[in-house]
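Asker: This structure is in structure tokens; I'll ask about it shortly.
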Amino acid sequence: MHYKVVQLSGWGNYPVVKARVYRPERLRDFAHMGKEIHWIPRGLGRSYGDASLNPHGGTLWMRRINCFLDFDPESGVLYAEAGVSFEEILRVFVPHGWFLPVTPGTKYVTLGGAIAADIHGKNHHVHGSLYNYIEALELILPSGEKIFCSRKQDRDIFEATIGGNGLTGIILAAYLQLIPIETSYIRQAVFKTANLQETLQILSQLDQEYPFSVAWVDGFSRGKRLGRAIVQFGRFAKQNELDGRWRNHPLRIHPSPTISIPAYGVNLLLNKLTVRAFNNSHYAFCKPRESTVHYNEFFYPLDCIAHWNRLYGRRGFLQWQCVVPPDAGEKTLTAIFQFSHEQGWFPYLAVLKRMGSGRGWLSFPVEGFTLALDYPNRSGIEAFISRLNELVLNAGGRIYLTKDAVLTKSAFEQMYPELDRWKGVKRAVDPNNVFASLQAQRLGLIN
Amino acid sequence: MKALLLGSTSTIGRAVARELARDGIDLVLAGRDSSELHRQASDLSIRYRQQNVFFDIGEFYPHFQKIEKIFNDHSDIDEVYCFIGYLGDQQLAETDAEEREKILQVNYATSVHLLSEAANFLERKRRGKMIIFGSVAGDRGRRSNYFYGSAKSGLHTFVDGLRARLFSKKIHVMLVKPGYVDTPMTWGKPGIFWAASPEKVARTILRKKEKGKRELYVPWFWKPIMLVIRMFPESIFMRFPL
């Protein structure tokens, strides 16, 4: 395989590295991978930080390994290759009444990347992470051996690979359990809260009633209004709940993106003033209501703008996501917002949700409240994020590696108590650290 | 409608196959790598709920009986696409007879044999279309790829003749000359610019095929580029480090 030298970054456009990118298209390409000491697989590049960057070796771009291999219409189990995107899965299966069991806030992720990050979605408090819906994996181990692993076979490798950030080998294909739906519309209930306490309360109260929940928080509000939010709950609508115009097409799929941001440097659109104005009006004009919306609007509001990350300009932005235990929730989240405002850092986007219990290993979700914040990249951001990380660590929480570019090794090791178990598998399958990333190096996931 | 795709697992072949399958056209996929054909066939049938079959036509010569078998089993084929191509290693081919042979075999001899059989079949039916992939490299010999280029050039001449023969039988023959397309052939190679996505190329080809185009450059700007390149006097052109 040939490589192409490309300036590569995660979705946050920070950091940027020069990478040698290999793009396999056929299965036999994996037998002639090229002479690299280190490899990292990569999908659609939606991890924000440096989890898919590997300047000291080859980047294996899996997007063209994207065949659907088998589907059982009885059980709803899909066998697909790692480079297949969630967007493609929806396009193919929604018209037949199947949906993704777990989905992040964008459909432009690959199946392989989603597994490597053990993604969670708006239904985590009920259904858990993607792990619960992966039946088996087809994996190329660092030795070159191709194996199937599952809960019954090579279980340790299976557990370490889901949420393993691509460090245990190449995920080639996976068996994914899809869920049946009657319509592709969401029956949603929208609430407005006046402050953080109310936000957390309503999330905790209504979570049992709805499988999907998320809160958009006004990251600029302070004082008594700190943590005011628009909280959305939802569940899939039944066919008889749809309006006349939709009832005849209950399984409509999503449209293509309507706008595309053509280039960097249009960051004039996005600054403290505009975001503050947007937040205020978004909050003021939002009416608490019940309504029916398409899944694209409910799950993927930002997908209608292609390359929206370019709005942050060439320097990019950092998304930071933590989860803190439920009892420490209000105190820690308040501290995070207050500290942020004191330091002059205002999150351009703030999203909060409750998480159910987690599964361990390197997987991010644990029970508690998870908060994701977007900060445009300015000088001093690393020091600032490190302070946020300390706050989270002291509260007994943890940081999501898929969003991270800053975390230190020592903080990371305290956040993930099952790390040694993961490292044991890593040492067994990959003693020479063939699979490595910039992040893995920083966090000591490789030696 | 049913289409036969020769070399269907090539990057452009896969993009065209997906476009055709989306339009509900049944496909016969033919290639040399069974596991890739299998992958492709299951992908198309799941994506588009469409029927298709695949044939492993094997290496080079012994495949004649197989292609006859394809036409016997699928007498309803009315379009034949040929994506067969092998760029090879120019430098290696200068000294290595085996590489040379492979470049000539795949790009010229194999294509000519398979297309002749396909032409005979369509001629008997007195209808159909043939869409054949040449290359801009076949428009003029250059030092960087003249083995590949000359084989494709031979194929171009063959296709022109074939078109003339089949014209009266109402069989349309289209020659596609791709410039840079984003495939493994161009990935990471120096000097590549504006490589078109295979999906876009596939859509262009299917659109132009309906319009009855005889020769098609994709992307379009390769037509003026190649016009200029063909017009240079050899005394100057041979000095170019192209």
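Asker: Residues that are of a type in the set (Ser, Thr, Tyr), more than 29 Å from A:Gly223 (Cβ to Cβ) and either modelled with pLDDT under 90 or in a loop (DSSP other than H, G, I, E, B) (or both): does the stretch A:261-269 have at least one? Let's see the steps before the verdict.
Answerer: At the first step, the residues of the stretch A:261-269 found to be of a type in the set (Ser, Thr, Tyr) are A:264.
Applying the additional criterion that residues be more than 29 Å from A:Gly223 (Cβ to Cβ) yields A:264.
Applying the additional criterion that residues be either modelled with pLDDT under 90 or in a loop (DSSP other than H, G, I, E, B) (or both) yields A:264.
The answer is yes, given that some residue of the stretch A:261-269 is of a type in the set (Ser, Thr, Tyr), more than 29 Å from A:Gly223 (Cβ to Cβ) and either modelled with pLDDT under 90 or in a loop (DSSP other than H, G, I, E, B) (or both).
Asker: Hey, another quick one. Given the criteria in contact (Cβ under 8 Å) with a residue 60 or more places away in the chain and not in a loop (DSSP other than H, G, I, E, B), does A:Leu137 qualify?
Answerer: Criteria not met by A:Leu137.
Asker: Working only within the stretch B:1-30, note down all residues that are closer than 24 Å to A:Leu90 by Cβ, surrounded by fewer than 24 Cβ atoms within 10 Å (Cβ to Cβ) and within 14 Å of chain A (Cβ to nearest Cβ).
Answerer: Result: B:Ala15, B:Arg18, B:Ala21, B:Arg22.
Asker: Might you check whether a residue that is among the acidic types (Asp, Glu), in contact with a strand residue (DSSP E or B) (Cβ under 9 Å, 6 or more places away or on another chain) and surrounded by fewer than 20 Cβ atoms within 10 Å (Cβ to Cβ) occurs anywhere in the stretch A:368-381?
Answerer: No, that holds for no residue.
Asker: Out of the stretch A:19-43, which residues are assigned to a strand (DSSP E or B) and more than 13 Å from chain B (Cβ to nearest Cβ)?
Answerer: If the condition is that a residue be assigned to a strand (DSSP E or B) and more than 13 Å from chain B (Cβ to nearest Cβ), then A:Trp39, A:Ile40, A:Pro41, A:Arg42 are the ones that fit.
Asker: If you don't mind, another one. Within the stretch A:84-99, count every residue that is closer than 17 Å to A:Ile119 by Cα and within 11 Å of chain B (Cβ to nearest Cβ).
Answerer: Of the residues in that region, 2 qualify.
Asker: Now a separate question. Please go through (1) closer than 25 Å to B:Lys2 by Cβ; (2) loosely packed, with under 15 Cβ neighbours inside 10 Å; (3) of a type outside the set (Gly, Ala, Ser) for B:Asp160 and return the number of the only condition it doesn't satisfy.
Answerer: (1)
Asker: Conditions: (1) within 23 Å of B:Tyr217 (Cα to Cα); (2) at pLDDT below 95; (3) in contact with a Gly (Cβ under 7 Å, 6 or more places away or on another chain). B:Arg143 meets all but one. Number of the miss?
Answerer: The number of the failed condition is (3).
Asker: Only one of A:Ser47, A:Ser75 is more than 14 Å from chain B (Cβ to nearest Cβ), in contact (Cβ under 8 Å) with a residue 60 or more places away in the chain, out of contact with any helix residue (DSSP H, G or I) (no Cβ under 8 Å at 6 or more places or on another chain) and not hydrophobic (A, V, I, L, M, F, W, C); which?
Answerer: The unique qualifying residue is A:Ser75.
Asker: Could you tell me which of the residues B:Ser8, B:Ser42 is of a type in the set (Ser, Thr, Tyr), closer than 30 Å to A:Val77 by Cβ and part of a helix (DSSP H, G or I)?
Answerer: Only one candidate passes the filter, namely B:Ser42.
Asker: So which residues in the stretch B:188-242 are in a helix (DSSP H, G or I), free of Cβ contacts under 8 Å to residues at least 24 places away in the same chain and more than 21 Å from the chain's Cα centre (by Cα)? It would help to see each step written out before you state the result.
Answerer: In the first step, residues of the stretch B:188-242 are kept if they are in a helix (DSSP H, G or I); the result is B:198-210, B:222-231, B:234-237.
Adding the requirement that they be free of Cβ contacts under 8 Å to residues at least 24 places away in the same chain leaves B:200, B:204, B:207, B:210, B:223-224, B:227-228, B:231, B:234-236.
Once the filter is applied, which keeps residues that are in a helix (DSSP H, G or I), free of Cβ contacts under 8 Å to residues at least 24 places away in the same chain and more than 21 Å from the chain's Cα centre (by Cα), the stretch B:188-242 yields B:Pro224, B:Leu227, B:Val228, B:Met231, B:Glu234, B:Ser235, B:Ile236.
Asker: Something else about it: From the list B:Gly128, B:Gly138, B:Gly149, which one is more than 30 Å from B:Asp89 (Cβ to Cβ) and buried (at least 19 other Cβ atoms within 10 Å of the Cβ)?
Answerer: Of B:Gly128, B:Gly138, B:Gly149, the one residue that is more than 30 Å from B:Asp89 (Cβ to Cβ) and buried (at least 19 other Cβ atoms within 10 Å of the Cβ) is B:Gly128.
Asker: Looking only at the stretch A:50-61, count how many residues are within 14 Å of another protein chain (Cβ to nearest Cβ) and either of a type outside the set (Ser, Thr, Tyr) or in contact with a Ser or Thr (Cβ under 6 Å, 6 or more places away or on another chain) (or both).
Answerer: Going residue by residue through the stretch A:50-61, those that are within 14 Å of another protein chain (Cβ to nearest Cβ) are A:58-61.
Still in the running and either of a type outside the set (Ser, Thr, Tyr) or in contact with a Ser or Thr (Cβ under 6 Å, 6 or more places away or on another chain) (or both): A:58, A:60-61.
So the answer is 3.
Asker: Residues B:Lys152, B:Lys177: which one is part of a strand (DSSP E or B), at pLDDT 95 or above and of a type in the set (Lys, Arg)? Working first, answer last.
Answerer: Details: B:Lys152 fails: part of a strand (DSSP E or B).
None of the others qualify; the one that does is B:Lys177.
Asker: Looking only at the stretch B:31-40, decide whether some residue is over 19 Å from B:Val112 (Cα atoms), buried (at least 23 other Cβ atoms within 10 Å of the Cβ) and within 14 Å of chain A (Cβ to nearest Cβ).
Answerer: Yes, because at least one residue in the stretch B:31-40 is over 19 Å from B:Val112 (Cα atoms), buried (at least 23 other Cβ atoms within 10 Å of the Cβ) and within 14 Å of chain A (Cβ to nearest Cβ).
Asker: For the structure I just gave you, tell me whether A:Leu401 is without any contact (Cβ under 8 Å) to a residue 24 or more places away in the chain and either under 26 Å from A:Ser204 (Cα atoms) or of a type in the set (Ser, Thr, Tyr) (or both).
Answerer: no
Asker: Report yes if A:Asn309 is modelled with pLDDT of 95 or more and either more than 30 Å from A:His249 (Cα to Cα) or not in a loop (DSSP other than H, G, I, E, B) (or both), otherwise no.
Answerer: For A:Asn309, the condition - modelled with pLDDT of 95 or more and either more than 30 Å from A:His249 (Cα to Cα) or not in a loop (DSSP other than H, G, I, E, B) (or both) - is not met.
Asker: Between residues in the stretch A:244-256 that are farther than 15 Å from A:Phe299 by Cα and among the aromatic types (Phe, Trp, Tyr) and residues that are surrounded by 10 or more Cβ atoms within 10 Å (Cβ to Cβ) and modelled with pLDDT of 90 or more, which pairs lie under 7 Å by C-beta distance while being six or more apart or on different chains?
Answerer: If the second residue must be surrounded by 10 or more Cβ atoms within 10 Å (Cβ to Cβ) and modelled with pLDDT of 90 or more, the pairs left are A:Trp246/A:Tyr185.
Asker: Let me ask you something else. Looking at the stretch B:90-99, which of its residues are surrounded by 16 or more Cβ atoms within 10 Å (Cβ to Cβ) and charged (D, E, K, R)? Even if it seems obvious, please write down each step before you answer.
Answerer: Filtering the stretch B:90-99 down to residues surrounded by 16 or more Cβ atoms within 10 Å (Cβ to Cβ) leaves B:90, B:93, B:99.
Matches in the stretch B:90-99: B:Glu99 only.
Asker: Filtering the stretch A:436-447 down to residues that are among the hydrophobic types (A, V, I, L, M, F, W, C) and part of a loop (DSSP other than H, G, I, E, B), which residue is surrounded by the fewest Cβ atoms within 10 Å (Cβ to Cβ)?
Answerer: Ranking the candidates gives A:Ile446 first.
Asker: Starting from residues that are surrounded by fewer than 20 Cβ atoms within 10 Å (Cβ to Cβ), assigned to a loop (DSSP other than H, G, I, E, B) and within 14 Å of chain A (Cβ to nearest Cβ), keep the ones in the stretch B:45-85 and report whichever is modelled with the highest pLDDT.
Answerer: Per the stated criteria, the residue is B:Arg49.
Asker: So how many residues does the stretch B:163-201 have that are surrounded by fewer than 17 Cβ atoms within 10 Å (Cβ to Cβ), within 14 Å of chain A (Cβ to nearest Cβ) and in contact with a Lys or Arg (Cβ under 7 Å, 6 or more places away or on another chain)?
Answerer: Qualifying residue count, the stretch B:163-201: 1.
Asker: Another one. Determine, yes or no, whether A:Arg42 is under 25 Å from B:Ala15 (Cβ atoms) and surrounded by fewer than 19 Cβ atoms within 10 Å (Cβ to Cβ).
Answerer: Here the answer is no, as A:Arg42 does not meet what is asked.
Asker: Sticking with this one: Give me the strands (runs of 3 or more DSSP E) completely within the stretch A:147-220, filtered to those with at least 2 residues that are under 25 Å from A:Val275 (Cα atoms), ordered by residue number.
Answerer: Numbers: elements: A:170-177, A:185-193, A:212-217.
Hits in the stretch A:147-220: A:185-193, A:212-217.
Asker: Identify, by number, the condition in (1) under 19 Å from A:Tyr400 (Cβ atoms); (2) within 14 Å of chain B (Cβ to nearest Cβ) that A:Leu130 doesn't meet.
Answerer: Of (1) under 19 Å from A:Tyr400 (Cβ atoms); (2) within 14 Å of chain B (Cβ to nearest Cβ), only one is false for A:Leu130: (2).
Asker: Then there's this: Among the listed residues A:Glu198, A:Glu209, identify the single one that is more than 20 Å from A:Pro104 (Cβ to Cβ) and either loosely packed, with under 15 Cβ neighbours inside 10 Å or touching a Gly at 6+ places or on another chain (Cβ under 7 Å) (or both).
Answerer: Only one candidate passes the filter, namely A:Glu209.
Asker: Considering only residues of the stretch A:4-18 that are part of a strand (DSSP E or B) and crowded, with 19+ Cβ neighbours inside 10 Å, which is nearest to the other protein chains (Cβ to nearest Cβ)?
Answerer: In this case the residue turns out to be A:Leu8.
Quick grid of which residues meet (1) buried (at least 24 other Cβ atoms within 10 Å of the Cβ); (2) out of contact with any strand residue (DSSP E or B) (no Cβ under 6 Å at 6 or more places or on another chain):
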residue	(1), (2)
A:Leu27	no, yes
A:Ala31	no, yes
A:Arg64	no, yes
A:Phe71	no, no
A:Ala82	yes, no
A:Arg91	no, yes
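The values are calculated or read from the model by the stated rules, or taken from the named source; none is laboratory data. Fair warning: this is a prediction, and the values are worked out from it, not measured in the lab. Cβ sites come from the backbone with ideal geometry, for glycine too, and all protein chains shown count toward neighbours.
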